[in-house]
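Worksheet for the structure shown next.
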Amino acid sequence: MTRLLPFPFLSLGLLVLWLLLNQTTSLGHILLGSVLALVGGWILMALQLPRAPVRRPAALLQLSFLVLIDILHSNIAVGRIILGQDRQHRTSGFVRIPLDLRNPYGLAALACIITATPGTLWVNFNQPKGLLMIHVLDLIDEDDWIRTIKGRYERRLLEIFP
């Protein structure tokens, strides 16, 4: 069964995505989506990616909740800046953050979190030094950003990924 369906959740997700994008549940689209979902799983298996066991699923749920809240707050803050309701002078800038996280899956998750949060952008990661550079739309205090990234995100990602 594993050879036919190596990544069942991925294949199911691809099928659901195919049906949502085509906005139909006709038999033809279900069959075509199923073929694409199977092929997608086989391609991913051919890449032979290393497994990424999740050590603490509870930390993953906690991180997801924090990210959702932070994205909501950031959307409101960026909206206020764009609409001009927040009249203070805004300064954007770059922040360098030393990271202890080295797991590629953890770094990828952190990149998604930072880039998905409005007003922040992952710019560069120096692997040998472990130095992350992000761009912040509203940079008031660099130390606050360092504490936020390390305390809210990196700490939980280190718990999740070994």
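The values are calculated or read from the model by the stated rules, or taken from the named source; none is laboratory data. Values in this document were obtained by computation on a predicted structure and should not be read as measured data. Methodologically, a virtual Cβ is constructed for each residue, glycine included, from the backbone with ideal geometry; neighbour enumeration extends over all protein chains shown.
Only residues that are free of Cβ contacts under 8 Å to residues at least 60 places away in the same chain, buried (at least 17 other Cβ atoms within 10 Å of the Cβ) and in contact with a Gly (Cβ under 8 Å, 6 or more places away or on another chain): list them for segment 131-152, please.
V136, L137, L139
Return yes or no: is L4 assigned to a helix (DSSP H, G or I), in contact with a helix residue (DSSP H, G or I) (Cβ under 9 Å, 6 or more places away or on another chain), exposed (fewer than 15 other Cβ atoms within 10 Å of the Cβ) and not small (G, A, S)?
no
Output the residues belonging to segment 58-80 that are touching a helix residue (DSSP H, G or I) at 6+ places or on another chain (Cβ under 8 Å) and modelled with pLDDT under 90.
A59, L60
Filter segment 86-130 for residues that are farther than 23 Å from I69 by Cα and of a type in the set (D, E, K, R); which is surrounded by the most Cβ atoms within 10 Å (Cβ to Cβ)?
R96
Can you confirm whether segment 64-74 contains a residue that is over 25 Å from P162 (Cα atoms), touching a residue at least 12 places away in the same chain (Cβ under 8 Å), touching a Pro at 6+ places or on another chain (Cβ under 9 Å) and assigned by TED's automatic domain parsing to the domain that holds L121?
yes
Of the conditions (1) surrounded by fewer than 15 Cβ atoms within 10 Å (Cβ to Cβ); (2) polar (S, T, N, Q); (3) more than 24 Å from R152 (Cα to Cα), S11 satisfies every one except a single condition; which number is it?
Status for S11: all satisfied but (1).
Does V54 qualify as being assigned to a loop (DSSP other than H, G, I, E, B) and surrounded by fewer than 17 Cβ atoms within 10 Å (Cβ to Cβ)?
It is true that V54 is assigned to a loop (DSSP other than H, G, I, E, B) and surrounded by fewer than 17 Cβ atoms within 10 Å (Cβ to Cβ).
Scan (1) touching a residue at least 24 places away in the same chain (Cβ under 8 Å); (2) in contact with a His (Cβ under 8 Å, 6 or more places away or on another chain); (3) over 17 Å from K150 (Cβ atoms) for the single condition F94 breaks and write down its number.
(3)
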